Amino acid sequence: MTFAATILTLYPEMFPGPLGQSLAGRALREGRWSLNTVQIRDFAADKHGSVDDKPAGGGAGMVLRADVVATALDSVSDGHPVLALTPRGPPLTQSRVKTLAAGPGVVLLCGRFEGFDERLFERRAIEEVSIGDYVLSGGEVAALVLLDACIRLLPGVMGAPASGVDESFETGLLEYPHYTRPVTWEGRTIPEVLRSGDHAKIVAWRHARSVEDTRLRRPDLWERHVGARVGSPSGARHRTDDET
Ligand code: SAH
């Protein structure tokens with residue numbers, strides 16, 4: 001099955017961009033995902049191709065017109081979930097990415113200027129989504145981020161099927177740290193347990209580091225993780241005493 005990505009943008013030449021390289025690029029050539037870009041400007045009502053206008057109430061910048069964007073969106077209507085990239089949306093999560101990647105595809109709306117006329121979201125079924133608490137100049141890079149996260153989960157895209165399961169956020173925790181050769185580099189040696197060949201010990205060490213690093217680096221994730229476990233038979237208890 002091909003995951004169909006449709007991008008509505010004022011800059012279609014930005015796609016596939018970096019997604020034409022490496023794993024995503026190969027997957028595109030293999031037909032595991034498809035890309036269709038729609039130039040929003042083609043749906044402008046006037047011959048000047050106007051897509052934006054001054055903000056009602058005054059202020060800096062320009063606003064993308066609801067009528068023009070809606071006409072562009074209505075031209076797609078493939079029934080796939082429609083997401084608008086905007087810093088006003090709830091932050092994108094790995095769990096949302098997983099659900100999207102398991103579906104038939106996405107329609108992505110890329111904003112520019114000050115963003116979209118709000119009435120667009122009142123009149124069309126559009127999910128607003130943010131890629132983080134900072135402001136980009138346009139939705140295209142955010143759309144590339146969302147697509148990259150989806151594409152790597154598509155069947156056959158990642159080399160080893162197991163390499164996705166331990167990943168940061170998959171379990172609600174950050175992943176444990178990685179090491180590779182040389183064994184000693186600038187006086188720092190790979191933790192002994194990872195060289196022990198004792199699989200059970202390695203699993204325990206990795207879990208302990210996952211827990212420890214999440215607690216220290218991302219107390220917000222840790223709180224959510226512990227909260228999610230309350231009421232489960234094992235409760236909120238974690239082993240942290242098995243570290244080396
Ligand atoms: N005035 C808006 C920002 C507009 S930035 C505000 O303050 O909320 C222009 C466009 O870039 C947005 O319409 C959106 O498509 C994109 N963009 C900027 N930051 C983003 C983010 N964190 N996540 C997703 N899209 C973003």
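The values are calculated or read from the model by the stated rules, or taken from the named source; none is laboratory data. Because the structure is a prediction, the values reported are computed rather than measured. Neighbour counts run over all protein chains shown; Cβ positions are idealised from the backbone, glycine included. Quick note on the areas: whole protein, heavy atoms, side chains included, nothing else; ligands and nucleic acids left out. Shrake-Rupley method; radii C 1.70, N 1.55, O 1.52, S 1.80 Å.
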Looking at 195, 229, can you tell me which residue is modelled with pLDDT of 95 or more, open to solvent by 30 Å² or more (accessible area, probe 1.4 Å) and either of a type outside the set (Phe, Trp, Tyr) or under 30 Å from residue 63 (Cβ atoms) (or both)?
195
Got at least one residue in region 168-190 being in a helix (DSSP H, G or I) and more than 16 Å from the ligand (Cβ to nearest atom)?
no
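Among the residues of region 103-126, write down those that are in a strand (DSSP E or B) and more than 18 Å from residue 68 (Cα to Cα).
Hits for region 103-126 are 105, 106.
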Matching residues, region 198-226, being farther than 26 Å from residue 93 by Cα and open to solvent by less than 60 Å² (accessible area, probe 1.4 Å):
202, 204, 205
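Yes or no, residue by residue, for (1) loosely packed, with under 15 Cβ neighbours inside 10 Å; (2) more than 23 Å from the chain's Cα centre (by Cα); (3) hydroxyl-bearing (Ser, Thr, Tyr); (4) within 15 Å of the ligand (Cβ to nearest atom):
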position: 45; (1), (2), (3), (4): yes, yes, no, no
position: 75; (1), (2), (3), (4): yes, yes, yes, no
position: 87; (1), (2), (3), (4): no, no, no, yes
position: 93; (1), (2), (3), (4): yes, no, yes, yes
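Checking the condition touching a strand residue (DSSP E or B) at 6+ places or on another chain (Cβ under 9 Å), within 9 Å of the ligand (Cβ to nearest atom) and under 30 Å from residue 13 (Cβ atoms), which residue from 126, 131 passes?
131
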Please go through region 102-115 and pick out each residue that is open to solvent by 30 Å² or more (accessible area, probe 1.4 Å) and within 14 Å of the ligand (Cβ to nearest atom).
112, 113, 114
Where residues in region 127-161 are assigned to a helix (DSSP H, G or I), more than 16 Å from residue 80 (Cα to Cα) and of a type outside the set (A, V, I, L, M), which of them is most open to solvent (accessible area, probe 1.4 Å)?
161
